[in-house]
Amino acid sequence: MFRFATPEYFHLLLLIPVLLGIYAYTAQRQRQQIRQLGNYDTIVSLMPGRSLWRGWLKAIVVSLGIAAVTIGLAGPQFGSKLTEVKRRGVELIIALDVSNSMLAQDLQPNRMERDKRAIAQLVDKLADDRLGLIVFAGDAYMQLPITNDYTSAKMFLSTISPGIVSKQGTNMGSAIELAMNSFSPDTKTGRAIIIISDGENHEDSPIGIAQQAAERGIAIHTIGIGSPEGSPIQIGPNGTFLKDENGQVVVSRLDEETLSKVAAVGNGKYIRATNTQVGLMPLFEHISKMQRAETSDKVYSDYDDQFQYAIGFALLLLLVEFMLLERKNRWLERLNLFGVAKH
């Protein structure tokens, strides 16, 4: 298993384009100054020691050195041993509606971005619980199987948008069924599904499948995103709104009735989101009181640091940069390493 202990150091890579930009600007200024003295080609011919490519070579070597130092500071590590870790927690699957209606802006900046921020905050509070992530629109897709890897959860969360699904719509029942079959088999720990949606279900009736989940001991909580008054769905950066086949602007409204029924049948809670509180934190307090059973996971331990190779390569590049001169080296020109006859 490979990882970086301190990946925040990768921000130093931003120095590379700045360095190359400064050098390009300096080289351009030098050419302009030469042209002010007369014909450029004539003046350059009077400067036999000047090298056009060595300066760029030095800049590239320095950039590679910065990259190598950055990788070293980021702390590359290899896990050398798998260890079994015992945990006591619940299993939680979040099913997030990613249909186009989640782009409505009755929650700021829009429904979907508001949801993603709230889920990220929830992930930060998890400890021994296992988390899965499902996205759904016309169909449901497992985005992240049940796991304790919270870093991966936040990484997958950042990629979610309506564009990741090929079929639009809102098939809530499909999301519940997929979640129901994605929990660990034969587990005695508490299991819960959190559905985050505006409730506009155009594909099926999710009540029956929610009843099946409840019979298996799986609680279903729902969070309503949006407002009953509704909001148009902005699909373009310049105020372009989604329209129906008659050219009328589509208004997406929160269907609290459907979401409330699903939560009631699923022995869970329904919470309506607002601009100040999506509702995941109150649900987390409720879920934390669920039955917890001991589970075990295989994780990598005894990580070995590998930064020395990157730092060693950076020192080598520093030596190369020190030996490189921006002007042609007459002593090196006299070396005939390949025995080529000079005329």
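The values are calculated or read from the model by the stated rules, or taken from the named source; none is laboratory data. What you see is a predicted model; the values in this text were computed from it and never measured. Neighbour counts are summed over all protein chains in view; Cβ atoms, including those assigned to glycine, are modelled from backbone coordinates with ideal geometry.
Against the numbered list (1) touching a helix residue (DSSP H, G or I) at 6+ places or on another chain (Cβ under 6 Å); (2) surrounded by fewer than 12 Cβ atoms within 10 Å (Cβ to Cβ); (3) modelled with pLDDT of 80 or more, LEU13 comes up short only at (2). Counting only residues that are in contact with a Phe, Trp or Tyr (Cβ under 8 Å, 6 or more places away or on another chain) and surrounded by 23 or more Cβ atoms within 10 Å (Cβ to Cβ), region 224-242 holds 2 of them. Of all the residues in region 255-276, those that are buried (at least 18 other Cβ atoms within 10 Å of the Cβ) and in contact (Cβ under 8 Å) with a residue 60 or more places away in the chain number 6. Of all residues in region 225-244, those that are assigned by TED's automatic domain parsing to the domain that holds THR258 have Cβ atoms under 9 Å from Cβ atoms of residues that are hydrophobic (A, V, I, L, M, F, W, C) and loosely packed, with under 13 Cβ neighbours inside 10 Å, 6 or more apart or on another chain, in PRO232/VAL249; ILE233/VAL249; PHE241/VAL249; LEU242/VAL249; LYS243/VAL249.
With respect to the conditions (1) surrounded by fewer than 21 Cβ atoms within 10 Å (Cβ to Cβ); (2) over 25 Å from ALA264 (Cα atoms); (3) touching a residue at least 12 places away in the same chain (Cβ under 8 Å), THR151 lacks only one, and its number is (3). Among the residues of region 45-82, those identified as outside any helix (DSSP H, G or I) and either over 31 Å from the mean Cα position of the chain (by Cα) or at pLDDT below 65 (or both) are LEU46, MET47, PRO48, GLY49, ARG50, SER51, LEU52, TRP53, GLY79, SER80, LYS81, LEU82.
In region 300-321, the residues that are of a type in the set (S, T, N, Q) reach residues that are at pLDDT 85 or above with C-beta atoms within less than 8 angstrom, at least six apart or across chains, in these pairs: GLN306/PRO76; GLN308/GLY72. Here THR295 meets the list (1) modelled with pLDDT under 80; (2) surrounded by fewer than 18 Cβ atoms within 10 Å (Cβ to Cβ) almost entirely, failing just condition (2). GLY268 passes every criterion in (1) closer than 21 Å to LEU107 by Cα; (2) in contact with a strand residue (DSSP E or B) (Cβ under 8 Å, 6 or more places away or on another chain) apart from (1).
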